[in-house]
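Accompanying notes for the structure given below.
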Amino acid sequence: MARIALDAMGGDHAPRAAIAGALLALAELPAPHRIQLVGQAPVIEAELASLNADRSRLEIVPAADVIAMTDKPSVALRSKSSSMVVGLELQPRGLSDAFVSAGNTGAQMAASMRILKLLPGLERPAIGTLFPTALKPVLVLDSGAHVVCSAEELLQFARLGSVYAEDLLGRTNPVIGLLSIGEEDEKGNAVVKEANALLHASGLNFQGNVEGRDIPQGQSERGPIDVVVCDGFVGNILLKFYEAAGPVIMRMMVERLGLDAGKVRKGFSEFDYTEQGGAPLLGVSGVSIISHGKSNDRAIKNAIRVALRAVESGMTEHASRRLSQSVSA
């Protein structure tokens, strides 16, 4: 049985989207699994009543305060009674197995690092986001946690990404690419060049540098890619571009080519962030799933499923072993 704590107050459409998403998830998940709704109890109670919800697999965990989307991450470090902090603290107390929030990303990262702690040997966590491609989805990290990273941190991200690809995507010996401005080893800034050398010596299945154009294809000229590593500045720009590109292309196909809007939308469903639901904060000693601030009930449902897969696969323990092996090697 897995217990998934959900920040009922997090996101632009909370609490309705969060609670409705929890109900959608429970309708699909096997009976032993439970969801803990964390937040202002009277608000949650009123929402459950309006939805006429079956509460047999729900638990309300009271939390008096809410971290706003506009708050600085430092607010999470000072907070003791926000839904985000209370929800995350359930894991080290052995009362929950994962946490999901569509709230303030910076605050969630800061609180996760303080409460769950970093895995041994790790300097920073990373946000891992799945990008749709012409082949299989590619995991890109970091997609926004840290705008400046060292070469050693990029190597650590590659190790974390490899574990994610194995445990959650079922990829054997995942292929790693390092995002740069050219495929040659000597291309890129000083950090990328140093990271390239470290990755070649890491024992990972490192393909070498890959370019931005390789990601939508899911492969470079040297073959398929499973994981792409970059700093959070580049990764977040890439993510936001990707999020916008799909809808723009869809609209052009409908308006300029006269294609059926429903069929086009179905064909481009992979570009819909609600399909992925959420991205794990990789590198913390626990499961913390970061969802889009605009998440609707469907996105929350899928984020809960991501959290459950992370728990059931033992991804955190696997990542800890992988990092420990790399330090002792």
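Under a Gaussian network description of the chain, with springs only between Cα atoms under 10 Å, the residue in V100, V311, V43 that fluctuates furthest is V43.
Note on the stretch 40-193: Kirkwood radius taken over Cα pairs, Stokes-Einstein applied at 37 °C and 0.692 mPa s, translational D equal to 179 µm² s⁻¹. Give, to the nearest whole percent, the P(r) tail of the stretch 203-329 beyond 16 angstrom, counting all Cα pairs. In whole percent, the long-distance tail amounts to 74. For a test of the definition: using alpha carbon positions, the gyration tensor, and the 1.5 limit on a/c, classify the chain as rounded, prolate or oblate. It comes out oblate by the Cα gyration axes.
Working note: Karplus 6.51/-1.76/1.60 with θ = phi - 60° gives the stretch 292-299 the couplings 4, x, 8, 3, 9, 5, 5, 5 Hz, where Gly and Pro are set to x. Sparse packing (at most 12 other Cβ atoms within 10 Å of the Cβ) combined with a DSSP loop state is found for the following GluC sites (Glu not before Pro) in the stretch 129-205: E184, E186. Given +1 at the Cβ of Lys and Arg, -1 at the Cβ of Asp and Glu and no other charges, the dipole of the chain around its Cα centre is 580 debye to the nearest 20. For the stretch 124-276, the fraction of C-alpha pairs more than 27 angstrom apart is 23%.
Legend: ranking of residues T105, T133 from fewest to most surrounding C-beta atoms inside 10 Å; resulting order T133, T105. Packing order of peptides 73-80, 84-91, 245-252, highest average first: 84-91, 73-80, 245-252 (average count of other Cβ atoms within 10 Å over each peptide's residues). Using the Karplus relation 6.51 cos²θ - 1.76 cosθ + 1.60 with θ = phi - 60°, the per-residue 3J(HN,Hα) values for the stretch 170-181 come to x, 8, 8, 6, x, 8, 9, x, 10, 6, 8, 8 Hz, with x marking Gly and Pro. Considering only G283, G246, V210, and ranking their Cα positions along the charge dipole of the stretch 202-329 that arises from unit charges at the beta-carbon of Lys, Arg, Asp and Glu, the one farthest toward the positive end is G246. Note that the stretch 135-142 has calculated 3J(HN,Hα) couplings of 10, 9, x, 10, 8, 10, 8, 8 Hz, one per residue in order, obtained from phi through the Karplus relation 6.51 cos²θ - 1.76 cosθ + 1.60 (θ = phi - 60°); glycine and proline are x. Each Cα pair under 8 Å and six or more residues apart adds its separation to the average, and for the stretch 124-276 the resulting relative contact order is 30 percent. Working ranking of peptides 17-23, 117-123, 3-9 by packing, defined as the average number of other Cβ atoms within 10 Å per residue, highest first, is 3-9, 17-23, 117-123. Each of F157, F268 was scored by other Cβ atoms within 10 Å of its Cβ. Arranged with the fewest first, they read F268, F157. Per-residue Cβ neighbour counts within 10 Å put K301, K240, K187 in the sequence K240, K187, K301, beginning with the fewest. Once C-alpha pairs closer than 8 Å and six or more residues apart are averaged by separation and normalised to the residue number of the chain, the relative contact order reads 23 percent.
Here, each number is a calculation from the coordinates, and none is a lab measurement. This structure is a prediction, so every number in the text was calculated from the model and none was measured. Quick reminder, even Gly has a Cβ in these numbers, built from the backbone with ideal geometry, and neighbours come from all protein chains shown.
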